[in-house]
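Asker: What follows is a single structure, and I will ask about it in a moment.
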Amino acid sequence: MSHPATPPALVRDIFGEVHMLSHLVGSASRLDIARLTQLEKELETEREKTARQEMRLKTAAEERIALQQRLRQMEERAVNAEALAAHAQRARSEDTALPSRADTEDTRAGMLARRLKEAEERYDALQREHEQLQDLSHSILRENETLEAIIAAEDGHGAKHVIPQQSGPVLYVGGRRNLFDHLRSCAETRNVDLLLHDGGMEDSTTLLPALVGQAATILFPVDHISHAAVGLVKRLCREQGKSYLPLRSAGLASFLAAISGAGGAYGRL
């Protein structure tokens with residue numbers, strides 16, 4: 001532009017192109033900032049959920065410890081009851097004049113045995129619940145780690161984080177339609193070919209067999225899909241030999257964790 005021989009028309013053309021390019025760069029930056037803000041909100045929500053989950057785990061652990069102590073006490077009482085019952089049995093054989101006391105001890109021993117069995121069943125139930133809470137906590141932590149890595153990459157480089165194309169198209173069934181545009185945007189930035197179906201709310205379920213046939217992996221959020229749609233998806237996957245992955249929730253965090261390979265789940269279902 002500064003060359004003396006440059007004609008005015010060329011100078012105007014170059015200035016116009018550079019001016020429009022500045023507008024395009026500014027628009028792209030605003031979109032990236034908006035998406036980064038949304039991801040930060042999602043991350044903060046997941047952190048709050050993780051904190052509540054950890055509190056529940058701590059409470060369950062304390063309850064389990066208290067229950068173990070009660071079990072030990074009951075076991076001691078049961079042993080004592082058995083000893084008393086045996087003593088009462090001997091007393092009955094020696095002196096038939098004391099039947100009422102022996103019957104009372106037998107009744108008490110039976111009651112203690114029932115209470116011990118109930119306590120053991122309660123302990124087993126608490127143990128299963130504790131394991132389920134641990135699995136859920138680990139899932140939330142993996143999603144948080146994925147979100148933090150994505151936000152750090154986008155914040156550090158100021159550009160979209162593009163990953164290589166996965167093994168094939170991904171079908172997402174169910175979820176909230178108001179998030180579909182966000183799901184598409186996240187999939188595009190990660191070079192994932194995404195197919196969407198709302199699970200039968202507005203989209204016909206007759207479309208599912210063809211969509212499952214096109215997809216390499218099928219995702220569905222367990223908290224926002226009907227039982228009928230889940231049953232249909234699982235049956236179609238079995239019939240067509242396709243893999244599926246239930247997601248913890250319909251939020252962007254679970255979807256990002258799945259397509260970003262959180263915990264190694266994507267592509268190895």
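Asker: Would you pull out the residues with amide H under 5 Å of S243's amide H, same chain only if 5 or more places away, H placed 1.01 Å from N?
Answerer: I218
Asker: The range 170-264: D in µm²/s via Stokes-Einstein (Kirkwood Rh, Cα pairs, 20 °C, 1.002 mPa s)?
Answerer: 163 µm²/s
Asker: Another question, then. Taking H placed 1.01 Å from N in the peptide plane, check which residues at least 5 places from L195 or on another chain put their amide H under 5 Å from its amide H.
Answerer: Amide H to amide H, under 5 Å and 5 or more residues apart or across chains, L195 pairs with V170, L171, Y172.
Asker: Put a dot 7 Å past each Cα toward the Cβ at K234 and R177; how far apart are the dots in nm?
Answerer: For the pair R177/K234, the computed spacing is 2.7 nm.
Asker: Can you pull the one-decimal nm distance between simple spin-label points at R92 and T206, each 7 Å off the Cα toward Cβ?
Answerer: Distance between label points: 7.5 nm.
Asker: How high is the FRET efficiency from R30 to E54, r the C-beta distance, R0 41 Å, rounded to 0.05?
Answerer: 0.65
Asker: Here's another thing I want to ask about it. Between A9 and R115, 0.36 nm times their residue separation minus their Cα-Cα distance comes to what?
Answerer: 28.5 nm
Asker: Among M20, M201, which comes first, second and so on when ranked by fewest other beta-carbon atoms within 10 Å?
Answerer: The most exposed by this proxy come first: M20, M201.
Asker: Something else: Within the range 168-269, which GluC sites (Glu not before Pro) sit in a loop by DSSP and count at most 14 neighbouring Cβ atoms inside 10 Å?
Answerer: E202
Asker: Under a cut-off of 30 Å between alpha-carbon atoms, report the lysines in cross-link reach of K234, not counting same-chain residues fewer than 8 places apart.
Answerer: Excluding near neighbours in sequence, the set is K49, K242.
Taken together, the values in this text are just the output of simple stated rules run on the coordinates, not laboratory data. Quick caveat, the model's predicted, so the values are computed rather than measured. When we count neighbours, we look across all protein chains shown, and the Cβ atoms used for this are built from the backbone with ideal geometry, even at glycine.
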